[in-house]
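Report on the structure given below.
Nothing in this text is a laboratory measurement; each read-out follows from the coordinates by a stated rule. Just so it is clear, the model here is predicted, and its values are computed rather than measured. Cβ coordinates were reconstructed from backbone atoms using ideal geometry, including for glycine residues, and neighbour counts include every protein chain displayed.
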Amino acid sequence: MTAITETDIGRGLGTDYLLLRDELTHQELDYLDRTRRFVDDEVLPVMPGYWERAELPLDLIRRLGELGLVGDGIDGYGCPPMTPVAAGLIQMELSRGDGSLGTLLGVQAGLAMRSIAMFGTEEQKQRWLPAMAQMEALGAFALTEPEHGSDSVALETTAHREGREYVIDGSKRWIGNGSLADVVVVWARDSADRQVKGFLVERGTPGYNAQVIQGKGSVRSVWQADIELRGVRVPENARLPVAGSFADVGRVLASTRVTCAFAALGHALGAYDAALTYCRERRQFGKPLVSFQIVQERLVKMLAEVTAMQLYCLRVGRLAANHHLRDTIAGLAKMNNTTRARQVISQARDLLGGNGILLENHVIRHMADIEAIHTFEGTETIQTLIVGRDITGVSAFV
């Protein structure tokens, strides 16, 4: 790898202090560089406006499909081939540009598409996955309920069979794309055996009502919804037949925790790049900010945190590729990276002074958006307790 230059700084390369690009395959580098160009050229110039308006960037969403970035490593069905590390790098770069785009891709590919790929019939896969990979069809993943966030296993949404149909009743909350998805993977408890199962609910199905949650201060350009399901009838062939318990839901969520670790890294990279660039250019007391010892110390400590996050991501990505990734390892990576990202972004915000709260400087968006990633797919506290149970053999929660 070539030496870091001033041109590299601000485009992500200046953060590769341990030369980890040398550890990537040609395919992974292609995905990294392709997504980076998209973010620098098309996302960063316009996303502050979308974020401020809480507007869905439909043009950028379509570009994800055109650029072949949607699939999260799913094999076949029109999904571009990629390793777990490649999928993570895409998520990292999109989050460097904007957390809403990263979140939307995580919902589309990591949750909705992966659920269909893992648990669906061949007919279900053929119908939905190619269109979703091209972003011609949007998906959603409806698990979380108003009264069940961290304890999602206690979900109360029910599905009972009537002839050759299932009737679904319940409520869901914080469902990304839930108001505009063409297909929603709804998780409900089968009244017959009390097991949690997945159902595909298509747009326009009577009894399905979604309202976009207003007033968000984080990931403002992806729409999450409150959903009411009242007597929603779906045919028998709308059930995901391979999903038979909540443990199957957990298999989907485990893979997305790796995605969260990469997303947190992307936010930290974006904030660190912004802070380093700003401190090189901003002059105070007659000289650039980077010439002050305390500024250099803080930048170096931020870089150390970012580098540790990179090592976590690379390792869990390789473990996932070799089928050696355990849920607790994914949880540790998610917990570590979201925590470190919050610290790095906070330092960046401070280094920019008053200009740090301006959307044009990007840091304040990362500061707000990391709060969503810190919470979803299992909070820092929950991940800590899960790993704590693993290393001690004692559960500190029910």
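Remark: Thr25, Thr83, Thr35 ranked as Thr25, Thr83, Thr35, counting other beta-carbon atoms within 10 Å and listing the fewest first. Model label sites at Glu297 and His160, defined 7 Å from Cα along the beta-carbon direction, differ in position by 6.7 nm. Listed from fewest to most Cβ neighbours within 10 Å, the set Leu265, Leu332, Leu358, Leu129 follows the order Leu358, Leu332, Leu129, Leu265. Considering only Ile382, Ile373, Ile294, the mean-square fluctuation computed in a Gaussian network model of the chain, springs between alpha carbons under 10 angstrom, is largest for Ile294.
Does the range 13-133 come out rounded, prolate or oblate by the C-alpha gyration tensor, with a ≥ b ≥ c the root eigenvalues, rounded set by a/c under 1.5 and, if not, prolate when a/b is larger than b/c and oblate if not? Verdict is oblate for the range 13-133. Bridgeable lysines around Lys172 (alpha carbons under 29 Å apart, same-chain partners fewer than 8 residues away excluded): Lys125, Lys197, Lys216, Lys334. Taking the Cα centre of each part, how many Å lie between the range 158-180 and the range 323-367? After rounding, the separation between the Cα centres reads 34 Å. Database remark: amide H of Arg173 closer than 5 angstrom to the amide H of Thr144, Glu145, Ile227 (H placed geometrically; neighbours at sequence offset of 5 or more, or on other chains; Pro and chain starts carry no H). Within the same chain, aspartates and glutamates fewer than 8 places from Lys301 are excluded, and of the rest, those with a Cα less than 15 Å from its Cα are Asp16, Asp273, Asp350. Each residue of the range 213-229 is assigned a 3J(HN,Hα), and the resulting list reads 6, 9, x, 6, x, 9, 5, 6, 9, 10, 9, 9, 10, 8, 10, 10, 10 Hz, derived from the Karplus form 6.51 cos²θ - 1.76 cosθ + 1.60 (θ = phi - 60°), x at Gly and Pro. With a sphere of radius 15 Å drawn around the Cβ of Glu236, what net charge do the other residues whose Cβ falls strictly inside it have (Lys, Arg +1; Asp, Glu -1)? Neighbourhood net charge equals 0.
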